[in-house]
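Values quoted throughout were computed directly from the atomic coordinates according to the rules given, and no laboratory measurement underlies them. From a predicted model like this one, the values you see are computed outputs, not experimental measurements. Ideal geometry is used to build each Cβ from the backbone, glycine not excepted, and the neighbour counts take in all protein chains shown.
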């Protein structure tokens, strides 16, 4: 058997899929908040923030479990993508929180 072009058994396709699944979910949460899709059901900013952080947390935990469980190679790469997307979401949320706190601190 020959190894993929990346060497050392790395698989780009499953890693990309693992990255795109939580990324699309996070984008849908942001889009839902901007378009007020669940406004009539009583959803406001807090509910969307909870779902966003839930997607981030679940993707990081699921990715870490997939990486630590040592399953067959495609699932390990998928787990790597999950961890990367969850980390990106967490960093993005932290940047937004810091920006809001910075803006609030300059108001007075």
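Which angle from 0 to 90°, rounded to the nearest 10, does the C-alpha axis of helix 45-68 make with the longest principal axis of the chain?
20
Quick check: residue separation of residue 28 and residue 41 times 0.36 nm, minus the Cα distance between them. What number comes out in nm?
3.0 nm is the gain from fully extending residue 28 to residue 41.
Note the angle between two axes, namely the Cα long axis of helix 73-105 and the longest principal axis of the Cα atoms of the chain, as a number of degrees from 0 to 90, rounded to the nearest 10.
In the chain, helix 73-105 runs at an angle near 20 degrees to the longest axis.
Just grab the label-to-label distance for residue 108 and residue 68, each label 7 Å out from Cα along the Cβ direction, in nm (one decimal).
4.4
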